[in-house]
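S.K.: Can you read through this structure? Questions will come right after.
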Amino acid sequence: MNLIEIGFDCVVFFIEEDSNENGLWYFGRVQRIRRKIGNKIVEYKRGIDLMDRLDDVQLQLCWYRKIQRSRLFAYDLTDIKMVDFESIIGLTNLKYNAKCDNYMLDESDCKVFNDFLLEMKSRYVYI
């Protein structure tokens, strides 16, 4: 199972229709998971399998900020908007460097996420 839970780091894909780029990926740490079922909103305390792709599931994330021209990220951004579950590409493990207070993305993971982005860009045509 590919569970995503509160406190896990994940990669999110956004389509940027109003920019020169067709899409971007970001890292975020899950703070909250909820699902709308009828007129009720259910808060998830346990994980959800990424393969299930349930309808009406949203996640609240605190974001990592990319440090220019590197595979380093600072964990210092917040966002109160909820992100749709369909935007999640997958999970990631960032390595923390306490000396510099930042996180490093593995080179092979970086390649996988960039390849995903290239694949997605080739699928979308904007007019």
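S.K.: Note down the magnitude of the dipole of the range 36-95 about its Cα centre, charges +1 on Lys and Arg C-beta and -1 on Asp and Glu C-beta and zero elsewhere, to the nearest 20 debye.
M.R.: The calculation lands at about 400 debye.
S.K.: A follow-up question, please. Sum up the charges of everything whose Cβ sits under 10 Å from the Cβ of Ile33, counting Lys and Arg as +1 and Asp and Glu as -1, but leave Ile33 out.
M.R.: So the surrounding residues net to +3.
S.K.: Then there's this: With a cut-off of 8 Å between alpha carbons and a minimum separation of six or more residues, what is the relative contact order of the range 1-111 in percent? Walk me through the numbers before you get to the answer.
M.R.: Details: 224 pairs, mean separation 28.6, N = 111.
Once normalised by length, the contact order is 26 percent.
S.K.: Putting +1 on Lys and Arg Cβ atoms and -1 on Asp and Glu Cβ atoms, find which of Leu72, Tyr44, Phe27 reaches farthest to the positive end of the dipole of the range 1-116.
M.R.: Of Leu72, Tyr44, Phe27, it is Tyr44.
S.K.: Match the structure shown to one of the listed values (i) 1.00; (ii) 0.98; (iii) 1.34 of Rg/Rh (Cα atoms, Kirkwood Rh), computed from it, and give that label.
M.R.: Answer label, from the structure shown: (ii).
S.K.: Between Glu119 and Arg35, what is the spin-label point distance in nm, taking each point 7 Å from the Cα along the Cα→C-beta axis?
M.R.: In this crude label model, Glu119 to Arg35 measures out at 2.5 nm.
S.K.: For Phe8, which sequence-distant residues (separation of 5 or more, or a different chain) have an amide H within less than 5 Å of its own amide H, given hydrogens modelled in the peptide plane?
M.R.: Val30
S.K.: Filter Lys36/Lys111; Lys81/Lys111; Lys45/Lys81; Lys36/Lys95; Lys36/Lys66 down to the pairs with a C-alpha to C-alpha distance above 24 Å, please.
M.R.: Violating the 24 Å Cα-Cα cut-off are Lys36/Lys111; Lys81/Lys111; Lys36/Lys95; Lys36/Lys66.
S.K.: Roll a 1.4 Å probe over the protein chains and send me the accessible area per residue for the chain in Å².
M.R.: Each residue of the chain exposes 68 Å² on average to a 1.4 Å probe.
S.K.: Continuing with this model, one more query. Roll a 1.4 angstrom probe over the protein heavy atoms and tell me the percent of accessible area of the chain that is carbon or sulfur.
M.R.: 49 percent
S.K.: Another question, then. For the chain, set up a Gaussian network in which alpha carbons nearer than 10 Å are linked by springs, and say which option among Glu43, Glu86, Glu107 fluctuates the most.
M.R.: Checking each option, the largest mean-square fluctuation is seen for Glu107.
S.K.: Also, I was wondering about something else. Under a point-charge model restricted to the Cβ atoms of Lys and Arg (+1) and Asp and Glu (-1), what is the dipole moment magnitude of the range 78-119 relative to its Cα centre, in debye to the nearest 20?
M.R.: 240 debye
The values are calculated or read from the model by the stated rules, or taken from the named source; none is laboratory data. Keep in mind it's a predicted model, so treat the numbers as computed, not measured. Cβ: placed from backbone, ideal geometry, glycine included. Neighbour counts: every protein chain shown. For the accessible areas, the whole protein counts, side chains as well, though only heavy atoms, and no ligand, DNA or RNA atoms are used. Shrake-Rupley method; radii C 1.70, N 1.55, O 1.52, S 1.80 Å.
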